Amino acid sequence: MSEPSASRIRIGFLRGVHLRYLWTVNTRLACGAMLVAMLVCAGCGKKDEATGSAPGSTSSKSDAIALVKQEERSRHFMAVHKHLEVGGTLYGYADVDGDVMKIAREIELFMAGLAEAQPANAKALKQDYPALVTALGLDGIKAVGVSSVPDGTGFFRNRMYVHIPGERRGVVAGLGGPPAPFARLNLAPADADFFAETEVDVPVVYSTILQIVDITAGKEASGKIEQALKDAGRNAAISVLSIVQGWKGHMAFVMRLDPQENITLPTPQQFKMPAFSFLISIDGIAPSVRDALTQLPFFAVRKEGALEIFEFRQQLPMKGIQPVVVIDGSTLLIASSPQFLGECRATTDRLSGNPEFQTALTHVPSEGNGLVYLSPKFFKRLADLESLNPQLPAESARAIGMFMRQLPQTDRPLISVRSNLPDGLLIESYWNRSMKQDLAGLAVYNPVTVGLLAAMAIPAFNKVRETSQQKAVLNNLRQLSGAADQFFMETGKTSATYDDLVGPTKYISELTQIAGEDYRGLQFRPGATLTVRLASGKEVTLER
């Protein structure tokens, strides 16, 4: 059945203005959310591109599932299928070749209709969405696939593959080069509870941001960003632009939570949390911050071989936190204390040798461009936040409770690896939940839903802003009224003008215009009502 591309629904709302809503938006934007429509294949195998079983399996011919005819098959299916597993609780494939640009054009139409209903927000809503998609590099995505397989122990092997066969641009190009051994895994002690490493190319991402600003706000705005980065931190001898341009390589974060000790944050509510140690490693930016570090008076500097170590001269109020900054060639290291830095730089008792980590790593690739590891203790200690803070106000306590309910309950580590492959991006994880649970929630967050929520939220926001403006204008009128009364009392006159009341040497030194109103046309007399008109046409009146 062909799509009714010209079929539209007129929805009357927001002051009677009709918005154009295409029927095709629902189906195409579901694909645009990438994974929402992937529950379309209950299981597809391959055998000489015709029949077969799951990749890597040893199924017999009786397990083979026939594919559709070659001429009817999605041309990207086999490229995605070879990275997935068939036969688990989830197998999904969606061909989005060309759909991303169609979605962008339909969003453009939808937002144009929304702009008609909300003239005040028209500039923000009316954008060249196809150009934005191209700048982000999302038009290069041709297909997406997911699979989840339970291993019988309560854990799932999850895979998500994004097929990008051509040149990578935008944010997609900023995810690094080919997969390689994890370069910063040697920084994590054996008892680390959280380890994350990722390869990034910030200069590419920065270039993409400038393109997006150029599209949405013009070349002048993107030029201002560049100049602002050049000017930022000038007094501290830091070139922020140099940091951005040099930030290319690996980033890593290591954290360990104390199994028993807690600390109290220096906040008004005295928030308690598990005591922790951390280390951050960033490639490429050390030369851009070295001069600034040497000028900071609260750092004591010492050398240890090729390392330059900057330590705080005074003790900080948080127990166990005495930050230290290290320059190691072009890499910047930031640790919570000299002691933890020493543990991270030790050559023995590494996370890579931890039996739990080694077991978890057998379920994902041992090389890649990104790795996330979380120990069971990490979640157990976070679960203590609620009991550690019984004094919190009801609203904060509810927020903490909601957070607690989202925490995984696991007796084994969770691990995930991202790999840049020649024709796409593969994310593999060994988790205690199937991706099927996440897809159900993702269905809610497609652009149609977001657009409709915006259609309801923007008027509400405008109403709140309008009320606030009216109150501010009314306050201005009260100031003017009080000044007029003082003027009448001191001069004996019965009328006054704006210039009699407002000025550097007058009763009100300066009066700020709120919403395009003009106070100069007011005539002040004892007991007279004061009324001004806002730029929107509404009037604000002060009865005296």
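Kindly evaluate T198 against the criterion of being over 25 Å from F253 (Cα atoms), of a type in the set (S, T, N, Q) and open to solvent by 30 Å² or more (accessible area, probe 1.4 Å). Against the criterion (over 25 Å from F253 (Cα atoms), of a type in the set (S, T, N, Q) and open to solvent by 30 Å² or more (accessible area, probe 1.4 Å)), T198 does not qualify. Kindly establish whether T294 is closer than 29 Å to L374 by Cα and either surrounded by 18 or more Cβ atoms within 10 Å (Cβ to Cβ) or without any contact (Cβ under 8 Å) to a residue 60 or more places away in the chain (or both). When the stated conditions are applied, T294 does not pass them. Kindly indicate whether K46 is in contact with a His (Cβ under 9 Å, 6 or more places away or on another chain), basic (K, R), more than 27 Å from L138 (Cα to Cα) and modelled with pLDDT under 90. Considered against the rule, which asks whether it is in contact with a His (Cβ under 9 Å, 6 or more places away or on another chain), basic (K, R), more than 27 Å from L138 (Cα to Cα) and modelled with pLDDT under 90, K46 comes out as yes. Comparison of A483, A472 shows that the only residue that is small (G, A, S), within 30 Å of P119 (Cβ to Cβ) and outside any loop (DSSP other than H, G, I, E, B) is A472.
You will find that of R465, R433, the residue that is over 30 Å from R105 (Cα atoms), in contact with a Phe, Trp or Tyr (Cβ under 8 Å, 6 or more places away or on another chain), modelled with pLDDT under 90 and open to solvent by 40 Å² or more (accessible area, probe 1.4 Å) is R433 and no other.
All conditions in (1) within 25 Å of A120 (Cβ to Cβ); (2) open to solvent by 40 Å² or more (accessible area, probe 1.4 Å); (3) at pLDDT 90 or above hold for S536, with the sole exception of (3). Scanning the range 172-210 for residues that are in a helix (DSSP H, G or I) and under 25 Å from P355 (Cα atoms) returns L185, N186, L187.
The values are calculated or read from the model by the stated rules, or taken from the named source; none is laboratory data. Here the structure is a predicted model, which is why all the values come from computation and not from measurement. Glycine gets a Cβ as well: all are built from the backbone with ideal geometry, and neighbour counts include every protein chain shown. For accessibility, only protein heavy atoms count, side chains too; no ligands or nucleic acids. Shrake-Rupley method; radii C 1.70, N 1.55, O 1.52, S 1.80 Å.
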